[in-house]
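Just passing along the structure, written as C-alpha cells.
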Amino acid sequence: MISVIGLGNGASKIVEKFKPIKNYKVFQLNSGIESHSKYKRKLKTYNTPEEYEANIPQLKTFFKSVNDRVQFFVVGSSMSSNYTLGVLEQLKDKEIEVFYIKPDSTLLTGVPKLLDKVVFSVLQEYARSGLLKSLTIMSNELLEMHIGSVPIKKYYDTLNESIFQTVHYLNFFEHNEPEIGMVSKPLDICRIRTIGLLNMKNLEEKWLFPLDMDRDICYYMCINKEKLETDGELHKRLVDLLKAKPTNAFRKISYAIYETDFTDFGFCVALTNVVQQYA
C-alpha cells in the first residue's frame with residue numbers, strides 16, 4: 001500500500017486520480033475542502049509566504065494512518081507550496097518520494113516565481129541529503145508539448161491523467177516481474193530524477209524535464225502479448241536500439257520488458273546526483 005498525498009488544489013486533483021485503485025491511500029490538503037475528514041484537510045490561505053511559514057498546519061493526527069511509503073505531490077508556484085517543507089517535516093519517519101510539478105517559469109512573476117525557485121531548489125537539497133528517497137521533476141509545459149492537442153476546457157484534467165498514468169505504471173513495474181531484462185538499482189546518491197514517455201518505434205525519449213548530467217537511465221517497455229509470443233526478432237531490435245544510445249563510465253542504461261493486452265507503450269526514468277539549475 002502506498003499513501004499518496006496532494007498538497008494544494010492542483011496536486012489534490014492529481015492524486016484524486018489514484019482513488020479508484022485499491023493499492024493507494026489518498027490524502028488531500030487544500031483550501032477548497034469544506035470540512036476536515038479522515039483523508040481530507042482544509043488549509044488556510046494567507047497573503048504572504050511569511051504568513052504561510054508561520055502557520056504550518058499540525059498534521060500528526062491527520063497523518064496517523066499514512067503508510068511507510070509516501071508519494072507526495074506538489075505544484076510549483078502555488079501558494080500552498082509554502083507549506084511543503086513544514087508538511088514534509090511531519091512525515092520524516094516515512095520513505096518519501098516527492099513529485100514536483102513545475103509550471104512554465106517564463107510566464108511567472110513576483111511571488112509565484114520566487115516560490116517556484118525556492119521550493120525547487122530546497123527540495124533538491126532535501127533529496128541530495130537523503131531526507132527524501134527521491135525527487136521527481138515533471139514540467140507541465142513539456143508534458144503538454146508531448147501530449148499534443150489539449151483543449152483548454154480539458155487542459156488540467158488531461159495533464160493530471162497523464163501524470164497519474166505515468167506514476168501508476170512505474171509503481172506497477174516496480175512490483176511485477178518483467179518478461180525479460182532487469183532494471184538496475186540506481187546509485188544511492190542519485191535521488192533527483194525525471195520521467196520520459198517512449199516512442200516505441202525507435203525508443204526516442206520525450207522527457208518531462210531536461211535533466212542535466214543523468215547517471216542512470218531505466219527503460220520500461222510494455223509490449224503487446226501477441227507480439228511477445230510471435231515476433232522472434234523483437235528483443236534483438238530493442239536491445240540494438242538501446243546499445244546505440246550514448247553511455248560512458250558515469251552513465252548506465254538498463255531495461256525491462258513487460259506484457260500488456262494493449263498497444264505497445266513505455267516510459268523511461270533518468271536519475272542524477274547533480275542539482276538542477278532553475279530556468
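What follows draws every value from the coordinates through simple rules; no lab data is involved. What you are looking at is a predicted structure, and each value in this text was computed from that prediction instead of being measured. Reconstructed Cβ throughout: ideal geometry from the backbone, glycine too, with neighbour counts over all protein chains shown.
If you place +1 on the Cβ of every Lys and Arg and -1 on the Cβ of every Asp and Glu, how big does the dipole about the Cα centre of segment 65-142 come out, in debye to the nearest 20?
Its charge dipole is roughly 80 debye.
Then there is this: Of ALA54, ASN160, ASN199, which is farthest along the charge dipole of the chain in the positive direction, counting Lys and Arg as +1 and Asp and Glu as -1 at C-beta?
Positive-end residue among those listed: ALA54.
Within segment 30-126, which GluC sites (Glu not before Pro) sit in a loop by DSSP and count at most 13 neighbouring Cβ atoms inside 10 Å?
Answer in residue order: GLU34.
Straight distance only, please: which aspartates and glutamates reach the Cα of LYS225 with their own Cα at less than 13 Å, same-chain residues fewer than 8 apart left out?
GLU179, GLU259, ASP261, ASP264
Right, here's the next one. Any aspartates and glutamates with Cα under 20 Å of the LYS92 Cα? List them, leaving off those in the same chain fewer than 8 positions away.
Within the straight-line limit of under 20 Å, LYS92 reaches these aspartates and glutamates: GLU53, ASP68, GLU125, ASP188.
Roughly how many Å is it from the Cα centre of segment 1-42 to that of segment 65-137, as a whole number?
16 Å
So, one more: By how many nm would the segment from ALA244 to THR45 lengthen if fully extended, with 0.36 nm per residue of separation less the alpha-carbon distance?
66.5 nm
In percent, what relative contact order does the chain have, based on Cα pairs under 8 Å that are 6 or more apart in sequence?
The normalised contact order for the chain reaches 16 percent.
Report the percentage of all Cα-Cα pairs in segment 173-214 whose separation exceeds 14 Å, rounded to a whole percent.
Tail fraction, whole percent: 66.
Give, rounded to the nearest 20 debye, the magnitude of the charge dipole that the chain has about its Cα centre when Lys and Arg contribute +1 at Cβ and Asp and Glu contribute -1 at Cβ.
660 debye
Also, I was wondering about something else. Mind checking segment 168-230 for trypsin sites (Lys or Arg not before Pro) that DSSP puts in a loop (not H, G, I, E or B) and that have at most 15 other Cβ atoms within 10 Å?
LYS201
List the GluC sites (Glu not before Pro) in segment 189-279 that DSSP assigns to loop (not H, G, I, E or B) and whose Cβ has at most 14 other Cβ atoms within 10 Å. Which are they?
Loop-located and lightly packed - GLU233.
Here's something else I'd like to know. Evaluate the Kirkwood expression for the hydrodynamic radius of the chain, namely the inverse of the mean inverse distance over all pairs of different C-alpha atoms, and round to one decimal in Å.
About 19.7 Å for the chain.
Further question: Cross-link candidates for LYS185: which aspartates and glutamates have Cα within less than 15 Å, leaving aside residues fewer than 8 places away along the same chain?
Within the straight-line cut-off, LYS185 pairs with GLU174, GLU177, ASP214, ASP216.
Okay, moving on. How charged is the neighbourhood of ASN30? Take every other residue with its Cβ under 12 Å from the Cβ of ASN30, and add Lys/Arg as +1 and Asp/Glu as -1.
Result for the neighbourhood of ASN30: +3.
Grab the other residues whose beta carbon is less than 11 angstrom from that of PHE267, score K and R as +1, D and E as -1, and report the net.
Its environment carries a net charge of 0.
Also, I was wondering about something else. In the chain, with Lys and Arg counted as +1 and Asp and Glu as -1 at Cβ, which of these residues, SER37, TYR255, ASN273, has the Cα nearest the positive end of the dipole, that is, farthest along it?
Positive-end residue among those listed: SER37.
Over segment 191-272, calculate the relative contact order: mean separation of alpha carbon pairs under 8 Å at least 6 apart, over the residue count, as a percent.
Contact order relative to length: 53 percent.
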